[in-house]
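S.K.: Here you go, one structure.
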Amino acid sequence: METYQIYSLTSAILFIIGIGGIFMARHFIKKIIATVIMGGGVFLSFVSFAQRDAITFADPVPHALVITGIVVAVASAALALALARRIYQLTGEETFTNDK
Amino acid sequence: MMIKEIITVILIVVGCFFFLAGTLGVLRFPDLFSRLHALTKADNLGLGFIAAGMAVYIASPWAALKILSIWVFTLLASSTSCYLIARFQKEQEQPENRKEQE
Amino acid sequence: MSILIDILLAIIMVYLAIQCLLTPRLIQSVFLFFAFGLGLALAWVRLGAIDVAITEAAIAAGFLGVLFLDALKSFAPKVSVKQDNLEDIYKLPRRNIKSLILPRVILVLGLALFLFIALEAVWMIPDGGGLTASAEALLPQSGVEHPVTAVLLNFRAYDTWLEIGVILLGLLGVFVAGGIKLYKKPGASKPDPMLRQVILFVTPVLFLFGAFLLYIGKTGPGGAFQAAVLWGAIGILLHLGGKPIFAMIPRWLFHLILTMGLGFFLVLGFLLIADGRTLFEYPPAYAGLLILIIETLGAISIAAALTAIYANLNQMEEETNEVEPTT
């Protein structure tokens, strides 16, 4: 069992937890957190395979993609948060209406 | 060589002990103020010991300076946030005091 | 022996993620999210991705966590935080249990199947060799010595360019959702004197540390994004300390700062195409200098955008009834 194998298996579990969270969580904030966790799983799988393909250094392309991806994920989560707060402000709803 | 490693291990074990004590305090103490006390005092001391252990192990003055600065800034941040949390809690408990002060 | 640390870390991360989504109280969920982000940062360190670790700790755990924490005040604004009713502040009313059983069972079974497939997929994924060898061969021409920086700002510079654009788009979305509040000074913010002193002390240090990270990106872990988050933290701290810098400077200057990273990239790309090269194919002699300029401008732009996102979200609930004048 190599280090990268542990983290690649963890990445699959985190991805599934994220999907489950998106379905099961009801509050907007928790749904957004679930998407971030799901993204974290994807990034973890990228970096663990970068570690496997290391020669003198780990594969830098997935590293760069993950750095880009984290920042983009944060920007989209911030947008989602703004929308969620606006919805709450206008309607008083903290969950999607058909979720009740 | 051996002495350096022994000192490092002792310092880090002591640091871990303080972290453990601080965590136990957060979990077991009854109210917010005593929890804050456990969190900021014991954990910062523990971090100081661990930082000292790492500095001894690395044995390079520049790296030691960087580690020291990490500790100093953690101290600053945790004491400030501790103060702010405690102040917020106090205002929540006694809103009439806040009005008098303003 | 060291594999035990990895196993422990993996268990902690999975536990934190599950607990983060299952706990009924939102504030607990947000703090567990902080912890999860820091655990993930440790995992990056274990995988040798120091750049990713810094980015994760600073922006995904730090900045995003701050945004979530800030959002809590808007979702439960009218309840005071007292010990007695702390339990049910953030709780939602329970749903009808009976109607939920069948969908839940189907969902859990589906997730279990999906988990099995995903585990199998990551276990069996073939060894393609990756791009390490080509990155290593081209590294001397890139103008920097650190491979990740070379990929980010030279080999795949269009990624980074468009990423700055995505952050600006996110900011535009926040503006649209919340109304452009940044141009107004926050009304009721009365900063604590001690907080103000600490901010005064910390601001120059953060600036210096950001500049250090920016410069060290040439040879080691660090670079534009990490520096940008630290500089963005300056903006957020100043906002908390009652000095919103971007509300104080003229509007055109703020717009210039926001767009200069994207704009410089664009102009540079056009100039390179006019010179008979492809987009972002820097001449090797100037590559190092160009990368440093791009990184600096990009970092300032991203920092400004992050500050603006925070400030706008933070002031979202103020002046609810006032309709923003559209021009």
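The values are calculated or read from the model by the stated rules, or taken from the named source; none is laboratory data. Note that the structure is a prediction, hence the values are computed from the model and not measured. Cβ sites come from the backbone with ideal geometry, for glycine too, and all protein chains shown count toward neighbours.
S.K.: Tally time: how many residues in segment B:20-51 are of a type in the set (Val, Ile, Thr) and within 14 Å of chain C (Cβ to nearest Cβ)?
M.R.: 2
S.K.: Oh, and also: Which of the residues that make up segment C:34-48 are within 9 Å of chain A (Cβ to nearest Cβ) and without any contact (Cβ under 8 Å) to a residue 12 or more places away in the chain?
M.R.: C:LEU47, C:GLY48
S.K.: Scan segment C:14-60 for residues that are over 21 Å from A:PRO62 (Cα atoms) and part of a helix (DSSP H, G or I) and report the count.
M.R.: The number of residues fulfilling the criteria is 20.
S.K.: Take the residues in segment C:138-183 that are farther than 14 Å from C:GLY288 by Cβ and not in a helix (DSSP H, G or I), then tell me which one is modelled with the highest pLDDT.
M.R.: C:ARG156
S.K.: Can you say whether C:LEU67 is modelled with pLDDT of 90 or more, touching a helix residue (DSSP H, G or I) at 6+ places or on another chain (Cβ under 7 Å) and either assigned to a helix (DSSP H, G or I) or facing another protein chain (nearest Cβ under 10 Å) (or both), as far as the supplied structure shows?
M.R.: Taking the combined requirement at face value, the residue satisfies it.
S.K.: Continuing with the same structure: Among the β-branched types (Val, Ile, Thr) and facing another protein chain (nearest Cβ under 7 Å): which single residue out of A:THR10, A:THR91, A:THR35 fits that description?
M.R.: From the options A:THR10, A:THR91, A:THR35, the qualifying one is A:THR10.
S.K.: Taking segment C:71-128 only, how many residues are at pLDDT below 75 and under 30 Å from B:GLU91 (Cα atoms)?
M.R.: 18
Quick grid of which residues meet (1) at pLDDT below 80; (2) over 25 Å from C:PRO126 (Cα atoms); (3) buried (at least 21 other Cβ atoms within 10 Å of the Cβ); (4) touching a Lys or Arg at 6+ places or on another chain (Cβ under 7 Å):
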{"position": "A:GLN5", "(1), (2), (3), (4)": "no, no, no, no"}
{"position": "A:THR10", "(1), (2), (3), (4)": "no, no, yes, no"}
{"position": "A:ILE22", "(1), (2), (3), (4)": "no, yes, no, yes"}
{"position": "A:ILE29", "(1), (2), (3), (4)": "no, yes, yes, no"}
{"position": "A:GLY40", "(1), (2), (3), (4)": "no, no, yes, no"}
{"position": "A:ALA50", "(1), (2), (3), (4)": "no, no, yes, no"}
{"position": "A:VAL66", "(1), (2), (3), (4)": "no, no, yes, no"}
{"position": "A:SER76", "(1), (2), (3), (4)": "no, yes, no, no"}
{"position": "A:ALA82", "(1), (2), (3), (4)": "no, yes, yes, no"}
